[in-house]
1. For LYS69, which lysines qualify as cross-link partners when the Cα separation must be under 29 Å and same-chain residues fewer than eight apart are set aside?
2. May I ask what percent, to the nearest 5, of DSSP beta bridges between residues of the chain are antiparallel?
3. State in Å² the accessible area per residue of the chain; use a 1.4 Å probe, count heavy atoms of protein chains only, and round to the nearest integer.
4. Compute the angle between helix 30-43 and the longest alpha-carbon principal axis of the chain, please, reported from 0 to 90 degrees and rounded to the nearest 10.
5. Tell me the accessible surface of VAL118 in square angstrom (1.4 angstrom probe, heavy atoms of protein chains only), to the nearest ten.
6. Under a 5 Å amide H to amide H cut-off, with H placed in plane at 1.01 Å, what residues pair with PHE5 once short-range neighbours are removed?
7. Less than 17 Å apart at the alpha-carbon level, and either on another chain or at least 8 residues along: which aspartates and glutamates does that give for LYS74?
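The values are calculated or read from the model by the stated rules, or taken from the named source; none is laboratory data. A quick note: this is a predicted structure, and the numbers were derived from the prediction, not measured. Calculation scope for accessible area: heavy atoms of the full protein, side chains included, ligands and nucleic acids excluded. Shrake-Rupley method; radii C 1.70, N 1.55, O 1.52, S 1.80 Å.
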Amino acid sequence: MKTLFQSTAGNGHINDISLDANGDFAFVEGLAAYGNIIADAIRTLEGELQLDIERGIPYQRTIWETISKLNIWKIYVKNTILAYPFVTGIENMSVNVGSGKYLTYSITIQTDLGIVEVSS
């Protein structure tokens, strides 16, 4: 599997697609591609995909309105991850809500190619 490389550099460009040394779109394969695909799915808001408004994580009704529905958000995230055919399981999911309701997560995922970690 191959997908577009997403920058991990700062300066407001985290998760932007990147260019390679020749100025062409940069791609990643294997576990890195799996990580990018899963991270994109977790960041996709419910209703955001114009051709499939049923997909996406319902951030608004699970954690933005009230953090008390964090467990429901976790279920949506887990189900989204487990829907990919290359995923064989979720090894660990750590979620933290800091001051100002700032949510961070770290998820260790088992795939057919090995283990990949996705975090916010």
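1. Candidates past the 8-residue exclusion: LYS78, LYS101.
2. Working: 20 of 21 bridges.
Roughly 95 percent of the beta bridges in the chain run antiparallel, per DSSP.
3. Numbers: 7550 Å² over 120 residues.
That works out to 63 Å² per residue.
4. Between helix and principal axis, roughly 40 degrees.
5. Using a 1.4 Å probe on the heavy atoms, I get roughly 10 Å².
6. Result for PHE5 returns SER18, ALA26, PHE27, VAL28.
7. ASP40, GLU46, GLU65, GLU91, GLU117
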